[in-house]
Amino acid sequence: MAISTISSNLGQDQEIWNNLKQAIAKSSGFKRWQKENKLEINIEDQVKQYLRSTLEALAY
């Protein structure tokens with residue numbers, strides 16, 4: 001039963017991450033950041049880097 005719950009949660013987490021990633025990728029802030037940084041990596045890694053740099057700026 002516990003494995004079933006874990007598998008279910010992982011699927012839900014992945015769906016949430018995919019939706020969040022799509023929303024971030026469509027945002028004007030991300031598009032501006034993308035133009036400034038011109039990274040040659042996939043969109044998922046770009047979103048992760050964007051979130052990391054945004055959180056670092058907020059923490060500063």
For this session: Quick one: which residue in K38, K26 is more than 11 Å from the chain's Cα centre (by Cα) and on the phi > 0 side of the Ramachandran plot?
Result: K38
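Limited to the range 19-31, what total is found for residues that are part of a helix (DSSP H, G or I) and either open to solvent by less than 50 Å² (accessible area, probe 1.4 Å) or at pLDDT below 95 (or both)? Explain how you work it out, then say what you get.
Of the residues in the range 19-31, the ones part of a helix (DSSP H, G or I) are 19-26, 28-31.
Subsequent filtering for residues that are either open to solvent by less than 50 Å² (accessible area, probe 1.4 Å) or at pLDDT below 95 (or both) retains 21, 24-25, 29-30.
Qualifying residue count for the region: 5.
The values are calculated or read from the model by the stated rules, or taken from the named source; none is laboratory data. Because the structure is predicted, anything quoted here is derived from the model rather than measured. Surface accessibility is based on the protein's heavy atoms, side chains included, excluding ligands, DNA and RNA. Shrake-Rupley method; radii C 1.70, N 1.55, O 1.52, S 1.80 Å.
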